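Worksheet: the structure to be examined is printed underneath.
The values are calculated or read from the model by the stated rules, or taken from the named source; none is laboratory data. Everything quoted here is computed from the prediction, not taken from an experiment. Glycine also receives a Cβ, built like all others from the backbone with ideal geometry; neighbour counts cover every protein chain displayed.
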Amino acid sequence: MKVVLGCDPLLAQLTGIGNYTQQLGAGLLNSSRIEILELFAHGKYYGHELLMEPENSEKPKKVNGTLWAALRSNLANSTLAVSLYSKLIPIIEKRALRTKDDYIFHSPNFLLPNHGGKRVVTIHDLSTMVHPEFHPSSRVKLVNNAIEQSVKYADHIITDSKFIKNQLCESFALSSDKVSAIHLGVSEQYFPRSEEQCTPFLYDYGLVYKQFLLFVSTIEPRKNVLRLLQAFQLYREKNKNGLPLILIGGLGWNNEKEHNKIRELEGKGWVRYLGYVKQRDIPFLYAASKGVVFPSLYEGFGLPVAEAMQSGVSVLVSENSSMSEFSGESAYLVDPLDVDSIRSAIEELTFSELTPKSMSFSWENTVRATIESYSR
């Protein structure tokens, strides 16, 4: 097989989709079933060095040709910019792909270019359709249009979970055969670690092994951070010597109430917001935590939950979600709209003496299933 992989998520600060693209690309590159792998974004081809993992995720990658990505990010709230971009970029991409009709084009990020060969797209979630209130209006219009066009023209579609596959098939009256649900993998950096292994990394953050809860994500509306903080406040008011909550991830958007509550609870010494931390430290923070709390309102998969489970720590997740699909019996399931349900689960998790069994989420399995989907 010859594959062109969209690589636009790799041109800036890595997010969940960027990590997916990087791991998928590296796996395709090393597969004996892939004859040629090309990386493509915004009408330009990139070298395989783009697939190398960054040593420090605090700074965006600086590679030639990031202008399109920067413009799209900085002007995302401009209706005029979105309109111009949507009209100009397809022309540029079509011209650049005109000699690749014998290649499979796989977009890992919703949007399919005008390609004359086979087209595969990964649709990670339908949050802009199901919960448009969680996003800027310009993003809703851009992403929803991309999803509708991709569903229309894709030969095959990949989702990160059965939960999203079912939503997609119902929303667009698709045959189940046209969509493959393929769980994401987790880096081998995530595994259970001893106190001795974690302590040198915890020292820099002033943390103690198994004496804190962890939340890993950007502070955005669909992550349900405000209810989590309200529940955590109730837990600490009842348990004066309870564990602190550590939040790591980007500042996010539309979250004034969330950051106000974070500052309030930081003043009490109950919560700490660390922002972005070094990528090399994150596996140690997972493994050293008492548990990871992630009562998100909507997820296509929920990678932090999988990373926590592979690290051998307990997880608190939303019921009837993509996360409950794979988190198994060991997860603490909550009603994400019920603050007291979250509080109760936090208490149960922190007082539990059980050590959950580590689960494995292999990128090799993700890549293998993806390659198989190319033949459908």
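For segment 352-375, name all the residues that are of a type outside the set (G, A, S) and either modelled with pLDDT of 95 or more or in contact with a helix residue (DSSP H, G or I) (Cβ under 7 Å, 6 or more places away or on another chain) (or both).
So the first thing to find is which residues in segment 352-375 are of a type outside the set (G, A, S), and the list is 353-357, 359, 361, 363-368, 370-372, 374.
Scanning segment 352-375 gives M359, F361, W363, E364, N365, T366, V367, R368, T370, I371, E372, Y374.
Report, by residue number, each residue of segment 226-268 that is closer than 18 Å to D338 by Cα and among the basic types (K, R). Working first, answer last.
Narrowing segment 226-268 to residues closer than 18 Å to D338 by Cα: 226-238, 257-258, 261.
Within segment 226-268, R227, R236, K238, K257, K261 qualify.
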Problem - Criterion violated by V121 - all others in (1) at pLDDT 95 or above; (2) in a helix (DSSP H, G or I); (3) buried (at least 16 other Cβ atoms within 10 Å of the Cβ) satisfied - result: (2)
Practice task
Look through segment 335-376, keep the residues that are more than 22 Å from Q233 (Cα to Cα) and basic (K, R), and return whichever of them is surrounded by the most Cβ atoms within 10 Å (Cβ to Cβ).
Solution key: R368
Handout entry: Verdict on V179 being modelled with pLDDT of 95 or more and β-branched (V, I, T)
Key = yes
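Is it the case that segment 335-350 has a residue that's under 19 Å from the mean Cα position of the chain (by Cα) and either farther than 28 Å from V120 by Cβ or in a helix (DSSP H, G or I) (or both)? First the steps, then the outcome.
Step one: of segment 335-350, the residues under 19 Å from the mean Cα position of the chain (by Cα) are 336.
Now drop any that are not either farther than 28 Å from V120 by Cβ or in a helix (DSSP H, G or I) (or both), which leaves 336.
Within segment 335-350 (the criterion being under 19 Å from the mean Cα position of the chain (by Cα) and either farther than 28 Å from V120 by Cβ or in a helix (DSSP H, G or I) (or both)), the answer is yes, since at least one residue qualifies.
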Fill in the blank from the handout: M309 meets each of (1) closer than 30 Å to K2 by Cα; (2) in contact with a Ser or Thr (Cβ under 7 Å, 6 or more places away or on another chain); (3) among the hydrophobic types (A, V, I, L, M, F, W, C) with one exception, condition (1)
Handout entry: Residue within segment 138-156 that is outside the structural domain of Q279 (by TED's automatic domain parsing), of a type outside the set (A, V, I, L, M), under 19 Å from V4 (Cβ atoms) and within 18 Å of the chain's Cα centre (by Cα) present
Key = no
Problem - Hits in segment 211-266 - residues which are more than 28 Å from L14 (Cβ to Cβ) and either surrounded by fewer than 19 Cβ atoms within 10 Å (Cβ to Cβ) or small (G, A, S) (or both) - result: Q211, Q230, A231, L234, E237, K238, N239, K240, N241, G242, N260, E264
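Anything in segment 329-343 that is of a type outside the set (A, V, I, L, M, F, W, C) and in contact with a Lys or Arg (Cβ under 9 Å, 6 or more places away or on another chain)? List them, or say none.
S330, P336, D338, R343
Residues F110, F105, F191: which one is touching a Lys or Arg at 6+ places or on another chain (Cβ under 7 Å) and either assigned by TED's automatic domain parsing to the domain that holds E35 or surrounded by fewer than 18 Cβ atoms within 10 Å (Cβ to Cβ) (or both)? Talk me through it step by step, then tell me what you get.
On the way: F110 fails: touching a Lys or Arg at 6+ places or on another chain (Cβ under 7 Å); F191 fails: touching a Lys or Arg at 6+ places or on another chain (Cβ under 7 Å).
Selected residue: F105, the only one of F110, F105, F191 that is touching a Lys or Arg at 6+ places or on another chain (Cβ under 7 Å) and either assigned by TED's automatic domain parsing to the domain that holds E35 or surrounded by fewer than 18 Cβ atoms within 10 Å (Cβ to Cβ) (or both).
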Practice task
Any residue in segment 229-247 that's within 12 Å of R272 (Cβ to Cβ): show its pairings with residues that are surrounded by 21 or more Cβ atoms within 10 Å (Cβ to Cβ) and among the polar types (S, T, N, Q) at Cβ separation under 8 Å, as long as the two are six or more apart or on different chains.
Solution key: I246/S289
Practice task
Read through the list (1) out of contact with any helix residue (DSSP H, G or I) (no Cβ under 6 Å at 6 or more places or on another chain); (2) of a type in the set (D, E, K, R); (3) under 28 Å from S362 (Cα atoms); (4) outside the structural domain of H135 (by TED's automatic domain parsing), then give the number of the only condition that D177 fails.
Solution key: (4)
Fill in the blank from the handout: Out of (1) within 21 Å of R227 (Cβ to Cβ); (2) surrounded by 21 or more Cβ atoms within 10 Å (Cβ to Cβ), the one A287 does not meet is (1)
